[in-house]
Amino acid sequence: MKRHLFRLLLGTALVALLGSASAQTVRVGLAEDPDMLDPDLGRTYVGRIVFASMCDKLFEITPDLEIFPQLASGYEVADDGLSITIDVRPGVVFHDGTPLDADAVKYNLERSKNLPGSNRASELAQVDAVTVVDDDTVRLDLSEPFAPLIALLADRSGMMISPAAAEELGEDFARSPVCAGPFQFVERVAQDRITLERFEDYWDADAIAIDAVEFLPIPDTSVRLANLQSGDLQIIERAAPTDLGIIRDDPDLTLPSAASLGYQGITINIANPEQRDDPMATDPRVREAFELAIDRTVINDVVFGGEFIVGNQAVPPSSPWYVDDYPIAERDVERARALLDEAGYDRVAFELMVANNPQSVQLGEVVQALAGEAGFDVTVRATEFATALDLWEQGDYDAFQVGWSGRLDPDGNIHSFQTCEGNLNEHGVCDEETSRLLNEARVTSGFEARYELYEEAAMRYLPNRHVIYLYHQQLFFPHTASMQGFDAYPDGIIRFQGVTVD
Amino acid sequence: MLPFVVQRVLTAIPTLAIVTVMVFGIQRSLPGDPAVILAGEEQDPQVIAFIREKYRLDEPVPVQYVAWLGQLARGDLGVSMRTGEPVTSLILTKLPVTVQLSLLSILVAILVAIPAGVIAATRKNTGWDVAGTVVALSGLSIPNFWLGIMLILFVSVQLGWLPASGYVPFFEDPVDNLRRMIMPAIVLGTGLAAVLMRQMRSSMLEVLSQDFVRTATAKGASGWTTIVRHAMRNALIPVVTILGLQLGTLLSGAVLTEQVFTIPGFGKLIVDAVFNRDYAVVQGVVLFTATAYIVINLAVDVLYALLDPRISGGRA
């Protein structure tokens, strides 16, 4: 009898061990653990993915990058461009039940500007004052017209948090954030999970069909995929191009994707050339020879299985902001050699710093092989990312394979890198005219007028080749076939509006 | 006895002091600026300046060190620069995870190694013995992370028997917890099992050749009674010693295993903190580990002294 009982217990335990069930919860595999869950302090891309489920914004985008009002219900830009009036959507409440009104919007924009350490302050630098016109209307007064502002309010700068919670929690807000999005914060276990549950009083409740979302950071791409295949996750971000074959062959998986707003390229350090005695830094002909020596299509085919998009500008060729008059150069080894000759060099040696992951190293090696044929001796220096950032900040590198995750407005992809005073201009480029054009593009409104300015600037900075743009990622979001209604967005953010799970 | 304990506690203090200096100094001699890493893609100079000021990164290292010691004196390990969570609560949530993983992998190792070692020894030079040795050697030479990924692909993806990775606290859902911990425990336990099995085999062989075993057999005890009652008990002593020595290896192995299976334990905590240059977390974790090590050693010494009075200073 005892033995039977034991067997029965063992059997039950096994069944319990092997079976699993979870209803209407979508589990998302992230490539990293997000940082602070406070829209004003958040700095990571994975953090933006979590915010998208938790914190609605004044404006939102469609998969085709059209901007439309979300927590706003409309807006109007004054003729002189110096003020923007925003209508606040009536009847919206935060997760703590407090109302989202004009006062709350004012509080949020001021907090983004003034909170010590706010990563949003520079985005809202042109906003001088926020005035509450009435309960449902605010007016933003600007120091100068600023075309990218609405696009920025469609990202973290436009996320609204509960003023009551922010005041009460202070520095601890990031540990239990309160916003006005479709899901509310439940708990976070560092490096393990972030759990959100459906917010019943969500203003757009009809768009949400799932009960809960769990974000799990799983850095290893194969393990992330294995979890998806085993059904433990419903969707993952950043699937590796090398895994796409497996995903396409799996009948239980679907593979939506979108072209990223960002870019990847090689940044050449042209600062302090005398100290470094580096022909790559001193002579634009040498940089041109280098660009002619490499073949973007080969890089894409060899390293990324041809899945990414080759490019030569800060925006992908499909973007309306792409400058058609500056097409991708074909590989031309003879011309490259001739240029080196003209510049008076037989061979040119330099070090290419890459992140120490297999894909970046492989990219470095393909560049090394291609450029080698034209007379470049490239040393690939695989560097741990924190160290690489440090060397980049100190200007202690020849060339760095680095990219940018991309922003909705072209200003976000170009201004900080190409203007003399740009935050991210560590490579030491400064052309007053380019700066002037890019600054003017900020205060100009209308696509045509802005495009002309960006085009003119591009024709100045692109031929200088201090950034050699290589490719744009295609962002893949494989998910289980049981999940339906999901759209991939070019900003790489996962949105659950309209998503259902069987 | 008391003077002995006092003396040992006093010697522990300079050891800890050296640990604090080392962990603080080594951290800061690494390339990579936490403020730059934390500032993310945008690299806003004002944000970088703010982070430097907030975490006192702009002050001279000795000043930062003294400030940290002051914090420690108040029992405060600081907060993670990345997520704002207190280091103490991070340690307290992560530690049980790694302890559970280690205990389970020891269990796996013992369950495999002891019987295998005994069989290999009693059937010396037969197919069983050779098979055991081959398995043990493979266990030692297969890298943890490879075995882990293979198990995930086979057991979770192909067969769909167990979740591929992740963690659920034991007291929240014991069944799910074990489902998720089985594979990591097997992976981590494999290397240990191999070491223990080899040790078990050789010490079994040694014991089996001793006089008392022959006496037991001569007195008519059956084969298995001799092996289990007499030989195995004696052969286990060196195995237990080896097990103790392997605990350190186990903890470092847990770092890799936790990475593969995404288990939010101590190993993953420190690895991620090092990559993010999250100074307070690295310092806190290393200091905690060192203190635990010293305290355990102290306890063991005291225990020895209690058991054998000669150790505590020859007053016996």
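The values are calculated or read from the model by the stated rules, or taken from the named source; none is laboratory data. These figures come from a predicted structure and were not determined experimentally. Here the Cβ positions follow ideal geometry from the backbone for every residue, glycine too, while neighbour counts run over all protein chains shown. The accessibility values were calculated without ligands, DNA or RNA, using every heavy atom of the protein model including side chains. Shrake-Rupley method; radii C 1.70, N 1.55, O 1.52, S 1.80 Å.
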In segment A:40-55, residue nearest to A:G498 (Cα to Cα) [restricted to those that are of a type outside the set (G, A, S), within 13 Å of chain B (Cβ to nearest Cβ) and open to solvent by less than 10 Å² (accessible area, probe 1.4 Å)]: A:V50
task: Would you mind telling me which numbered condition in (1) open to solvent by 50 Å² or more (accessible area, probe 1.4 Å); (2) without any contact (Cβ under 8 Å) to a residue 24 or more places away in the chain; (3) basic (K, R) B:R201 fails?
output: (2)
field: The listed residue being open to solvent by 40 Å² or more (accessible area, probe 1.4 Å), part of a helix (DSSP H, G or I) and more than 14 Å from B:Q283 (Cα to Cα), out of B:L69, B:L107
entry: B:L107
Condition check for B:F171: in contact (Cβ under 8 Å) with a residue 60 or more places away in the chain, farther than 30 Å from B:I227 by Cβ and open to solvent by 50 Å² or more (accessible area, probe 1.4 Å): no
One residue from B:G248, B:G191, B:G223, B:G244 being of a type in the set (G, A, S) and at pLDDT 75 or above: B:G191
- prompt: Just for segment A:462-487: of the residues that are among the aliphatic types (A, V, I, L, M) and in contact with an Asp or Glu (Cβ under 9 Å, 6 or more places away or on another chain), which one is farthest from A:D295 (Cα to Cα)?
  reply: A:M483
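Table: residues versus (1) surrounded by fewer than 22 Cβ atoms within 10 Å (Cβ to Cβ); (2) over 11 Å from the mean Cα position of the chain (by Cα).
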site	(1), (2)
B:I237	yes, yes
B:V240	yes, yes
B:T249	yes, no
B:G253	no, no
B:F261	no, yes
B:I270	yes, yes
B:A273	no, yes
B:D278	no, yes
B:L287	yes, yes
task: Quickly run through segment B:1-37 and pick out the residues that are of a type in the set (G, A, S), within 16 Å of B:R277 (Cα to Cα) and more than 8 Å from chain A (Cβ to nearest Cβ).
output: B:G25, B:S29, B:A35
task: Output yes when any residue across segment A:64-85 is open to solvent by less than 20 Å² (accessible area, probe 1.4 Å), modelled with pLDDT under 95 and assigned to a loop (DSSP other than H, G, I, E, B), and no when none is.
output: yes
Conditions (1) of a type outside the set (D, E, K, R); (2) in a helix (DSSP H, G or I); (3) open to solvent by 40 Å² or more (accessible area, probe 1.4 Å); (4) away from chain A (no Cβ under 14 Å); number of the one not met by B:G75: (2)
Hits in segment B:38-66 (condition: among the β-branched types (V, I, T), more than 7 Å from chain A (Cβ to nearest Cβ) and either in a strand (DSSP E or B) or surrounded by 14 or more Cβ atoms within 10 Å (Cβ to Cβ) (or both)): B:I48
query: Of the residues that make up segment A:265-273, is at least one in contact with a helix residue (DSSP H, G or I) (Cβ under 7 Å, 6 or more places away or on another chain), more than 20 Å from A:D301 (Cβ to Cβ), assigned by TED's automatic domain parsing to the domain that holds A:C420 and open to solvent by 10 Å² or more (accessible area, probe 1.4 Å)?
result: yes
- request: Could you grab me the full set of residues in segment B:116-149 that are assigned to a helix (DSSP H, G or I), more than 18 Å from B:V255 (Cα to Cα) and open to solvent by 70 Å² or more (accessible area, probe 1.4 Å)?
  value: B:W128, B:V130, B:V134, B:V135, B:L137
field: One residue from B:G267, B:G244 being touching a residue at least 24 places away in the same chain (Cβ under 8 Å) and either part of a helix (DSSP H, G or I) or on the phi < 0 side of the Ramachandran plot (or both)
entry: B:G267
- prompt: Can we say B:A113 is at pLDDT below 85 and in a helix (DSSP H, G or I)?
  reply: no
statement: Filtering segment A:165-202 down to residues that are part of a loop (DSSP other than H, G, I, E, B) and surrounded by 19 or more Cβ atoms within 10 Å (Cβ to Cβ) yields A:P177, A:V178, A:A180, A:G181, A:P182, A:A190, A:Q191, A:D192, A:F199, A:Y202
- prompt: From A:D390, A:D398, which residue is of a type in the set (D, E, K, R) and in contact with a Gly (Cβ under 9 Å, 6 or more places away or on another chain)?
  reply: A:D390
message: Contact list please: Cβ distance under 7 Å, first residue in segment B:154-165 and facing chain A (nearest Cβ under 7 Å), second residue open to solvent by less than 30 Å² (accessible area, probe 1.4 Å) and of a type in the set (V, I, T), pairs at least six apart or on different chains.
response: B:W161/B:V155; B:A164/A:V223; B:A164/B:I152; B:S165/A:I218; B:S165/A:V223; B:S165/B:I152; B:S165/B:T262
- request: Please go through segment B:15-37 and pick out each residue that is free of Cβ contacts under 8 Å to residues at least 24 places away in the same chain and open to solvent by 70 Å² or more (accessible area, probe 1.4 Å).
  value: B:I18, B:M22, B:I26, B:S29
- request: Go through A:A258, A:A293 for me and flag whichever is surrounded by 23 or more Cβ atoms within 10 Å (Cβ to Cβ) and among the small types (G, A, S).
  value: A:A293
query: Say we look at segment A:376-420 and pick out the residues that are assigned to a loop (DSSP other than H, G, I, E, B) and either free of Cβ contacts under 8 Å to residues at least 24 places away in the same chain or acidic (D, E) (or both); which of these is surrounded by the fewest Cβ atoms within 10 Å (Cβ to Cβ)?
result: A:D396
task: Restricting attention to segment A:203-228, report how many residues are within 11 Å of another protein chain (Cβ to nearest Cβ), surrounded by 23 or more Cβ atoms within 10 Å (Cβ to Cβ) and either of a type outside the set (A, V, I, L, M, F, W, C) or in contact (Cβ under 8 Å) with a residue 60 or more places away in the chain (or both).
output: 6
statement: Selection over segment A:312-348 where residues are over 24 Å from the mean Cα position of the chain (by Cα), closer than 22 Å to A:V298 by Cβ and not in a helix (DSSP H, G or I) yields a count of 8
- prompt: Could you list, in sequence order, the residues of segment A:350-375 that are aliphatic (A, V, I, L, M), free of Cβ contacts under 8 Å to residues at least 40 places away in the same chain and either farther than 17 Å from A:V402 by Cβ or open to solvent by 60 Å² or more (accessible area, probe 1.4 Å) (or both)?
  reply: A:A369
- request: Output the residue which, of all residues in segment A:110-150 that are under 17 Å from A:A78 (Cβ atoms) and assigned to a helix (DSSP H, G or I), is least open to solvent (accessible area, probe 1.4 Å).
  value: A:L149
